[in-house]
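**Student:** Supplied in C-alpha cells, the structure appears directly below.
Each reported figure results from applying straightforward, stated rules to the coordinates on display, with no laboratory input. Quick caveat: nothing in here was measured; it's all calculated off a predicted structure. Heads up, the Cβs are rebuilt from the backbone with ideal geometry, glycines too, and the neighbour counts pull from every protein chain shown.
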Amino acid sequence: MNKLYIGAASIAVASILGGLAYTSYSSDPFADCRVSSVAGGANVIGGPFELVDHHGNTVTEADVMDKPSLVYFGYTFCPDICPLDTARNADAVYMLDDQGIEVQPVFITIDPARDTPEVVAEYVEVFHPRMIGLTGSDEQVKAASQAYKTYYQKQDSDDEYYLVDHSTSAYFMMPEIGFISHFGRAHTSEMIAETMACVINNA
C-alpha cells in the first residue's frame, strides 16, 4: 500500500479522533487504562449497523458485539497492512484468552464486491477461531464505516486486482458503554491486550 497514503490516512483519522477530546478527564473511569484519548464525544464512534457474517447470516451490532470487542475495517485482498494488523489484533485476543478474558475480534470488509461471506470465512479462520468476519452490500458497508468514522476508497483500476485505500485503526468497544479506545499502527499486541484487560477488569 502507498506509504504516502498511509501517512495521510493516519493524520486524517488522528484529526477526527483527536477532535473528540475529553472535557473532564478526571471523570473518565478508564483514564488510567487508555493509550489514546477521545471521550466526551466518544459516543460518535460506533453505532447501529446491519451486515452479513461469514456464515451468511444477517446480523446487527448487538448480535456481534455482545461482549468486549476489537473491531477492524480492512479487506482480504490487502497485500500487507490488513494481514499484519489483523494478526496483531488476534495476538492481543490470544493474550487475553490466556488470562481468562474473552474479547471478540471482528473484521469488517470495506471491499464487499470481492469479499463474499465465503471469502471472509476463509480469511478470518486463519487468525482466530472466534473472529467474526462481516460483509454486506455496498450500502451496508458504507453505513458501518461511517458509524466508525473510517475511510476507504477504491483505487482507479480496470482489473480485478485493484487496491483499496483505507484507514487502519482498530476500535475497542464495550457492551452498554460503546467506544473505549482506538489503536493505531504504532500500538503492539501487548499494548492492546494490556489496555483491554485494564478496562475490562475495571468495568
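**Student:** Once you put a point 7 Å from the Cα of A87 and another 7 Å from the Cα of D156, both along the Cβ direction, what distance in nm separates them?
**Tutor:** About 3.4 nm, to one decimal.
**Student:** Sort 161-174, 58-71 for me by packing, meaning the mean count of neighbouring Cβ atoms within 10 Å per residue, highest on top.
**Tutor:** Numbers: 161-174: 20.2, 58-71: 17.3.
Going by the mean number of other Cβ atoms within 10 Å, highest first, we get 161-174, 58-71.
**Student:** I would also like to ask the following. What list of ³J(HN,Hα) couplings, whole Hz, do you get for the stretch 58-68 from phi and the Karplus terms 6.51, -1.76, 1.60, once you set θ to phi - 60° and write x for glycine and proline?
**Tutor:** Residue by residue, the stretch 58-68 yields 6, 9, 10, 4, 5, 5, 7, 10, 8, 8, x Hz.
**Student:** How big is the gap, in Å, between the Cα center of the stretch 48-62 and the Cα center of the stretch 72-98?
**Tutor:** 20 Å
**Student:** Which residues' amide hydrogens lie under 5 Å from the amide hydrogen of V59, considering only partners 5 or more residues apart or on another chain, with H built in the peptide plane?
**Tutor:** Those qualifying (amide H under 5 Å, at least 5 residues apart or on another chain) are L51, V52, D53.
**Student:** Arrange the peptides 113-119, 131-137 so that the one whose residues have, on average, the most other Cβ atoms within 10 Å appears first.
**Tutor:** My ranking of the peptides, most packed first, is 131-137, 113-119.
**Student:** Which aspartates and glutamates, if any, have their Cα less than 17 Å from the Cα of K149, not counting same-chain residues under 8 positions apart?
**Tutor:** Filter leaves E50, E61, D111, D138, E139, D165.
**Student:** Once the Cβ-Cβ distance between D28 and A62 is put in as r, and R0 is 22 Å, what FRET efficiency do you end up with, to the nearest 0.05? Walk me through the numbers before you get to the answer.
**Tutor:** Working: r = 25 Å, r/R0 = 1.13.
So the FRET efficiency works out to roughly 0.35.
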